[in-house]
Amino acid sequence: MAGGPAGVVGVLIVGGGLAGSLLALELRELGADVTLIDAPPADGSASATAISYGLIPGWPLAPKSLARLAANASPRWRDLEKRHGPLGWQRCSLRLQGPNRWLSWLARLGRLPLAQVDPTVLAERLPGALANAGVQRRGVMVQAIAPAVQGWRVELSDGSSCQAQQLVLAAGAGCRRLWSA
C-alpha cells in the first residue's frame, strides 16, 4: 500500500482528531503511505477530541453490535499503547446512585468497569506517536476536494495542493462542508 506516482500520497486523511489519528496509525502499521491534514478549528475553539471525556464503558450500553464492540475498546487501547507508548488510557470505575429504581438496581452491582482516555495526555502524546510511526502531518485547512486521474486532488489553505490515491474524511462536523452535494 505504498504511495503511488511521485507527488501522489497513498492515503490522505482529513481530520487529525481521535478517529483520523488512530486510523493513520493503523494504516501506517499496514504499510500505507499516510498524510494527515490536521488544522486547528478556524474559530480558535478546541476540537471535539480535546474536550472529550473519553469514557470507555466495560459493558455494552445497548443490545446492539456497536455497543458490544465499544465494550471491548479497552483491550484495543492497551494494545495501541503497547505499540505507541502511553496515550492517556487509564482504568477507573463507575458507581451509580440515584432515586431511580433502575439506577438503584444497578447500584447493587457495585462499581461498574470503566476506562477513560485523558484528552490532555492524548493531545500531548499523539503527535509524537504519529511522527514515530511515519505519518506525515500538515497543519493546514482543506479548501476544496475534487476527483482526479490518480484519485483525489485537494486544495489547501496555504495555496498548495496535493493528490491522493485514497481520501478519508475524518473531520467530524466539518466533513459535510468538505463534501459537496
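Numbers at a glance
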item	result
Label point distance in nm, LEU112-GLU124, each placed 7 Å from Cα along Cα→Cβ	3.0 nm
Gained length - LYS82 relative to VAL149, 0.36 nm times residue gap less alpha-carbon distance	20.2 nm
Estimated distance in nm for a label pair at CYS92 and LYS64, the labels positioned 7 Å out from Cα along Cα-to-Cβ	2.4 nm
Gain upon complete extension [ALA71, SER157; 0.36 nm per residue less C-alpha separation]	27.1 nm
Length released on extending from VAL140 to CYS175, taking residue separation times 0.36 nm less the Cα-Cα span	11.1 nm
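FYI, it's all coordinate maths here, none of it is from the lab. As the structure is a computational prediction, the values presented were derived from the model and not from experiment. In this analysis, Cβ positions are derived from the backbone assuming ideal geometry, glycine residues included, and neighbour counts consider all displayed protein chains.
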